[in-house]
Amino acid sequence: MAGYRLTLPTIQNWNCHSCAGCCRQHAIEVTAEERERIAGQNWTAADGVDPSRPLWVASGPPWARTWRLAHQQDGGCVFLNEDGLCRIHAKFGEAAKPLACRIYPYAFHPAGKEVRVSLRYSCPSVVENRGDAVDEQPGELKRTARLVVPDDVSHIPPPPVAGRQRVDWPDFLRLVDALEDTLAGPEGTIIHRLLQACFWLKLAGGAKYDDIRGDRIDELAELLQQEAEYQFPADSPLADIAAPSRTGRIQFRLLVARHARKDTAAEASPGWRQKWSLLRAALKFSAGRGTMPVLQPGLEPVQFEQLEPAFGGLPPGAEDLFTRYFRIKVQGLHFCGAAFYNMPLVEGFYSLATMLPIVLYLARWLAAGEQRNQLTLPDVRRALAMADHHFGYLPDFGQRGMRRAVRLFAASDDLTRLIAWYSR
């Protein structure tokens, strides 16, 4: 790891503020070595750990058995104390905690001779940009990166651009940087810049890269960006974009439902009653009529029809939040390759772009539950944390059916329509 550059995000702040959300909503897998180490710490009732409850539980079939930390009856990790702090950390120091706990909310993604760093927006402090600048914390991040980045990192190939079209890491990162430049552009809203990015990247996915290398990659990206700015000028009204198709809305609602589920450790092994409840919820979302099923606390049983009229656009502060979110995910390669179900660049970005209408739909749901028809920044923040909890980490989204749905959004222009429709 010492021979590779760690590329840190420059527009993100973060420090832990001990909200304990990650200790309640994540299932923390532990290795055999970690189980042995924790067992050797000799936890007793005097430490606040109930000796009648296991420290970890098994999941998966016998031939692929994994173990995760157990949770208390209130949903918190077995080592979470009354003050929202980790007992392992308090008694033995941070290095004694499981690796998954030490890494969160960071994610490390190899990119040739560098390792790019991203963050998970399921953490409220990441969403709110609270704490010290991430790029001013290189020492701590380098120490963490050494724990997770393989020694042969430079041998990990870049993902395809699209289909089987491949370029080497330097040229792949030229496309990534051009994509980030579009999202950071000075003109138009993040909605317009996202539409531009989807447009030109779709064209880039159809190019043949056999003879396109180096400066020609930059020239291609610049030409495509100019065409995208012509198709979606910064001052163009979103109302001119057609409404999503019926099929597109059905598939979109099913994606929303999956992001809206609160998959904590308590639901890691659902019984038949819960499975039947989830099936009924999927059928309701497919129909899109009547009362919406309650998938987690805060999402009230409002009517599907309440979420379709305009909600007055993005609330103050949401523009900066979404710009930061998409730039961090792109800068950190947190949307393609090994970091994201081994998806190619173009397909992975379609999935990332779909997050905007998903988050705005969830934010509308939160607002409607409080009898409001306009969004606030807290609505958007809470919806983003809710949706990003699953982004890149729930196996379902890497499956063929989910991926096909997002590709169809892009091919049929429903992705453009969904972005514009739920931004109203």
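Just so it is clear, none of the values below were taken in a lab; they were calculated from the coordinates. Note that this is a predicted model, so its numbers are computed, not measured. Using ideal geometry, Cβ is built from the backbone for each residue, glycine included, and neighbour counts are taken over all protein chains shown.
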*asked:* Using only DSSP helix segments of four residues or longer, with each worth -39500 (n - 2.57), what per-residue ellipticity at 222 nm results for the chain after dividing by its residue count and rounding to 500?
replied: -14000 deg cm²/dmol
*Whole Å is fine, so just give me how far the alpha carbon centre of region 275-351 lies from that of region 70-109.*
28 Å
_From the alpha carbon gyration tensor of region 361-424, can you work out the equivalent ellipsoid semi-axes (sqrt of 5 times each eigenvalue) and give them in Å, largest to smallest?_
25, 17, 8
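Return the loop-located GluC sites (Glu not before Pro) in region 1-83 (DSSP other than H, G, I, E, B) with at most 10 other Cβ atoms within 10 Å of their own Cβ; answer none if there are none. Show your work: numbers first, answer last.
On the way: sites: GLU29, GLU33, GLU34, GLU36, GLU82; in loops: GLU82.
Filter output for region 1-83: GLU82.
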*Which net charge results for the neighbourhood of ARG65, defined as the other residues with beta-carbon distances under 13 angstrom from its beta-carbon, given Lys and Arg at +1 and Asp and Glu at -1?*
+1
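Tell me, what does the Kirkwood hydrodynamic radius of the chain come to in angstroms if you use every pair of distinct C-alpha atoms? It would help to have the intermediate numbers written out before the result.
On the way: mean 1/r = 0.0438 Å⁻¹.
By the Kirkwood definition, the hydrodynamic radius is 22.8 Å.
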_Relative contact order [Cα under 8 Å, 6+ residues apart], the chain, whole percent_ = 20 percent
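Relative to the compact-globule scaling 2.2 N^0.38 Å, provide the ratio for the alpha-carbon radius of gyration of region 1-154. Don't skip to the answer; put the middle values down first.
Numbers: Rg = 16.8 Å, N = 154, 2.2 N^0.38 = 14.9 Å.
Its radius of gyration relative to the 2.2 N^0.38 Å reference: 1.13.
Report the relative contact order of region 5-154, percent, no decimals, based on alpha-carbon pairs under 8 angstrom and at least 6 residues apart.
Numbers: 185 pairs, mean separation 53.3, N = 150.
Relative contact order for region 5-154 comes out at 36 percent.
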*Say the cut-off is 29 Å between C-alpha atoms; which of LYS97/LYS142; LYS97/LYS262; LYS91/LYS113; LYS208/LYS329 go over it?*
LYS91/LYS113
*What ³J(HN,Hα) values, in whole Hz, does the Karplus curve 6.51 cos²θ - 1.76 cosθ + 1.60 give for region 367-380 when θ = phi - 60°, with x put for Gly and Pro?*
5, 4, x, 10, 6, 10, 10, 9, 8, 10, 4, x, 4, 5
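Trypsin sites (Lys or Arg not before Pro) within region 351-413: which are DSSP loop residues with at most 14 other Cβ atoms inside 10 Å? Please report the intermediate quantities before stating the final value.
Working: sites: ARG364, ARG372, ARG381, ARG382, ARG400, ARG403, ARG404, ARG407; in loops: ARG372.
Those that pass, being in a loop and sparsely packed, are ARG372.
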*Using amide H atoms built 1.01 Å from N in the peptide plane, name the residues 5+ places from MET343, or on other chains, whose amide H lies under 5 Å from its own.*
GLY337
_Give me a comma-separated list of calculated 3J(HN,Hα) values for region 417-422, in order, Karplus coefficients 6.51, -1.76, 1.60 applied at θ = phi - 60°, integers in Hz, x for any Gly or Pro._
5, 5, 4, 5, 5, 8
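If you take the Cα atoms of region 251-396, find Rg, then find the Kirkwood Rh from the mean of 1/r over all pairs, what is Rg/Rh? Present the calculation step by step, with values, prior to reporting the outcome.
Values: Rg = 15.6 Å, Rh = 16.1 Å.
Reported Rg/Rh, Kirkwood definition of Rh: 0.97.
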